[in-house]
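Engineer: Structure in structure tokens, see below.
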Amino acid sequence: MSARNGSGFDWWRLKWRAIVWLIVGRREAALESFDAMLARWPDDPYALASRCHVLAELGRRDAAIADAERLTSLYPQRSAADWFNLAFLLDDAGRFHEAEAAFRRAVALDDKLDRAWYGLGLSLVRQRRYDEAVAALERTTRLQPMSPSGWVQLARVHVDRDDHEAARKIIRHLRGFEPKVAAQLQRETGLAP
């Protein structure tokens with residue numbers, strides 16, 4: 001807690017007020033509580049991360065990015081999730097190079113954060129850097145071997161690289177535990193396993 005300019009009680013009161021507003025679905029009211037926290041404690045990591053999340057939910061992406069950038073700038077080693085959230089927002093904004101850098105910071109802090117590896121892979125695909133995307137997506141599939149998402153994206157990258165045999169191998173693999181996904185991928189790529 002960063003209750004430097006006021007009592008710890010006030011910080012907790014504002015935090016719980018925001019949580020209650022979120023529970024009852026009143027995001028704008030929760031946002032006012034986080035704004036009040038940040039007015040008193042502008043560097044508070046909890047308030048920054050929370051306001052960023054609420055702003056993103058409200059569709060205020062640029063403001064959410066600003067909070068995420070401030071959070072990761074002030075506390076660069078605090079959490080891989082902070083960097084992932086920033087990367088996700090940047091990627092959504094089409095700022096792929098910046099998103100890539102943030103995804104890389106996330107995996108540097110936690111190399112087992114599969115969703116950051118997945119996001120990194122997609123960001124690299126969008127930049128048409130397929131070889132690097134393969135490496136990131138392969139890491140995703142090692143961390144989450146039963147999740148079809150990483151496998152599907154990896155197969156698509158192999159198709160983009162004209163490595164149809166590697167894509168067929170993934171389709172065969174998916175048939176073992178996600179036959180509907182494998183069938184969809186087969187239809188999409190036109191590749192028979």
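Engineer: If we keep just the residues of the range 4-43 that are under 12 Å from VAL54 (Cβ atoms) and of a type in the set (D, E, K, R), which is nearest to the chain's Cα centre (by Cα)?
Structural biologist: So, considering only residues that are under 12 Å from VAL54 (Cβ atoms) and of a type in the set (D, E, K, R), the one nearest to the chain's Cα centre (by Cα) is ARG27.
Engineer: Moving to a separate point now. Here are ALA36, ALA99, ALA87, ALA18: which of them is more than 30 Å from LEU124 (Cα to Cα) and buried (at least 22 other Cβ atoms within 10 Å of the Cβ)?
Structural biologist: The conditions single out ALA18.
Engineer: Next question. For the range 140-150, name all the residues that are in contact (Cβ under 8 Å) with a residue 24 or more places away in the chain and either crowded, with 21+ Cβ neighbours inside 10 Å or on the phi > 0 side of the Ramachandran plot (or both).
Structural biologist: Within the range 140-150, THR140, GLY150 qualify.
Engineer: Given the structure, is PRO76 over 30 Å from ALA167 (Cβ atoms) and crowded, with 16+ Cβ neighbours inside 10 Å?
Structural biologist: no
Engineer: Since ARG70 meets every condition but one in (1) in a loop (DSSP other than H, G, I, E, B); (2) under 30 Å from GLN127 (Cβ atoms); (3) more than 16 Å from the chain's Cα centre (by Cα); (4) charged (D, E, K, R), which condition does it not meet?
Structural biologist: (1)
Engineer: Continuing with the same structure: Tell me which of these ASN85 doesn't satisfy, since it passes every other one: (1) in contact with a Phe, Trp or Tyr (Cβ under 9 Å, 6 or more places away or on another chain); (2) over 28 Å from ALA167 (Cβ atoms).
Structural biologist: Exception for ASN85: condition (1).
Engineer: List the pairs whose first member sits in the range 1-17 and is at pLDDT 90 or above, whose second member is in a helix (DSSP H, G or I), and whose Cβ atoms are under 6 Å apart, counting only residues at least 6 apart or on separate chains?
Structural biologist: LEU14/SER33; LEU14/ALA36; LEU14/MET37; ARG17/SER33
Engineer: Between residues in the range 159-183 that are surrounded by 14 or more Cβ atoms within 10 Å (Cβ to Cβ) and residues that are not in a helix (DSSP H, G or I) and not hydroxyl-bearing (Ser, Thr, Tyr), which pairs lie under 6 Å by C-beta distance while being six or more apart or on different chains?
Structural biologist: HIS164/LEU191; ALA167/LEU191; ARG168/LEU191; ARG168/PRO193; ILE171/PRO193
Engineer: Pairs please, first residue from the range 20-39 and closer than 12 Å to LEU58 by Cβ and free of Cβ contacts under 8 Å to residues at least 24 places away in the same chain, second anywhere and polar (S, T, N, Q) and surrounded by 13 or more Cβ atoms within 10 Å (Cβ to Cβ), Cβ atoms under 9 Å, 6+ apart in sequence or on different chains.
Structural biologist: PHE34/SER50
The values are calculated or read from the model by the stated rules, or taken from the named source; none is laboratory data. Source: prediction; values computed, not measured. Don't worry about glycine lacking a Cβ; one is built from the backbone with ideal geometry, like all the others, and counts go over all protein chains shown.
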